[in-house]
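The values are calculated or read from the model by the stated rules, or taken from the named source; none is laboratory data. Note that the coordinates shown come from a computational prediction; the quantities given were computed from them, not determined experimentally. We place every Cβ from the backbone using ideal geometry, glycine too, and count neighbours over all the protein chains shown.
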Ligand code: SF4
Ligand code: SF4
């Protein structure tokens, strides 16, 4: 793994991920973004809730469009070659024409290539949107997948392809699905958020496998930590994985979360996230 040279990078993207939802990934992403003075990017497009805490005034909204094939019935001979080539079962022969299931289409273009009759063109449809604004003094962006849309990748890709220069904290989707893989493609470093439980450890192991594949520097933040030795700390020690820091189990943190408040707004928690921000720099070896 290579060190991250802040002087050399136009933009530096740190992905925050967790093996599953509900580990405090968004709490850590939003508050760390404030502590670092970074931009906050919410890529958890199926449930983007970082804005509930940062409460930005939204100044810009862009639609995310995808292409889908449109069949010219006058030219189509119903030969079925496009149906055979589609790997995603988005096309079907209906006996009296070709049926398209738009939401299954990945826009790969194979059907257009194989159609000898020039019967396939493309239309565009909206699958989500990107919102941008300022909240708590930092730039915030989020992708939102339209309800009922099965594919989040176009929205995630769209937001990450157009990141501004500087330090970006990317709040990834939960789990280790292709949505997370897409987010990691744009990351220079990663923070894995977990809890000190058996489930937390299991999900952390999967997340570690994933970031290892990308060979990017990473460290772990343990949320709801009780301050003792535990299975996550032992695992990190055995695997020589650096722990960036811990967030203690605390009623006041849970209460602030339930009210949609930023932890960084309170004196005690500000010190906690300043400490995590420092630990992040040390683990990712920013120079
Ligand atoms: S390949 Fe072209 S002509 Fe054949 S069924 Fe598909 S759209 Fe129609
Ligand atoms: S563009 Fe690709 S995924 Fe979409 S219908 Fe054509 S072959 Fe199938």
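Scanning region 84-96 for residues that are near ligand 2 (Cβ under 7 Å from one of its atoms) and in a helix (DSSP H, G or I) yields a total of 1.
When residue 63 is tested against (1) more than 10 Å from ligand 2 (Cβ to nearest atom); (2) modelled with pLDDT of 95 or more; (3) in contact with a helix residue (DSSP H, G or I) (Cβ under 8 Å, 6 or more places away or on another chain), exactly one condition is not met: (3). A single entry from 247, 193, 232, 155 fulfils the requirement of being more than 18 Å from residue 18 (Cα to Cα) and crowded, with 22+ Cβ neighbours inside 10 Å: 155.
Taking region 84-96 as the range and being away from ligand 1 (no atom under 11 Å from the Cβ) and over 25 Å from residue 126 (Cα atoms) as the test, the residues that pass are 95, 96. Just wondering, is there one or more residues in region 68-83 that are away from ligand 1 (no atom under 16 Å from the Cβ) and assigned to a strand (DSSP E or B)? No, region 68-83 contains no residue that is away from ligand 1 (no atom under 16 Å from the Cβ) and assigned to a strand (DSSP E or B).
For region 192-234, residues that are under 24 Å from residue 251 (Cα atoms) and outside any helix (DSSP H, G or I) total 17. For region 167-188, which residues satisfy the criterion of being touching a helix residue (DSSP H, G or I) at 6+ places or on another chain (Cβ under 8 Å) and not in a loop (DSSP other than H, G, I, E, B)? Of everything in region 167-188, those that are touching a helix residue (DSSP H, G or I) at 6+ places or on another chain (Cβ under 8 Å) and not in a loop (DSSP other than H, G, I, E, B) turn out to be 167, 169, 170, 171, 178, 179, 180, 181, 182, 183, 184. When 60, 49 are checked against the criterion of being in a strand (DSSP E or B) and either under 21 Å from residue 157 (Cβ atoms) or assigned by TED's automatic domain parsing to the domain that holds residue 22 (or both), a single residue qualifies: 60.
Of all residues in region 70-79, one or more are under 33 Å from the mean Cα position of the chain (by Cα) and either over 30 Å from residue 139 (Cβ atoms) or more than 14 Å from ligand 2 (Cβ to nearest atom) (or both). Within region 234-247, residues that are without any contact (Cβ under 8 Å) to a residue 12 or more places away in the chain reach partners that are surrounded by 12 or more Cβ atoms within 10 Å (Cβ to Cβ) and in a strand (DSSP E or B) with beta carbons closer than 9 Å, at six or more positions or on different chains, in the pairs 237/243. Within the bounds of region 87-99, is there any residue that is within 28 Å of the chain's Cα centre (by Cα), surrounded by 21 or more Cβ atoms within 10 Å (Cβ to Cβ) and not assigned by TED's automatic domain parsing to the domain that holds residue 255? Yes: one or more hits.
Within region 25-46, the only residue that satisfies the criterion of being part of a strand (DSSP E or B) and touching a helix residue (DSSP H, G or I) at 6+ places or on another chain (Cβ under 6 Å) is 40.
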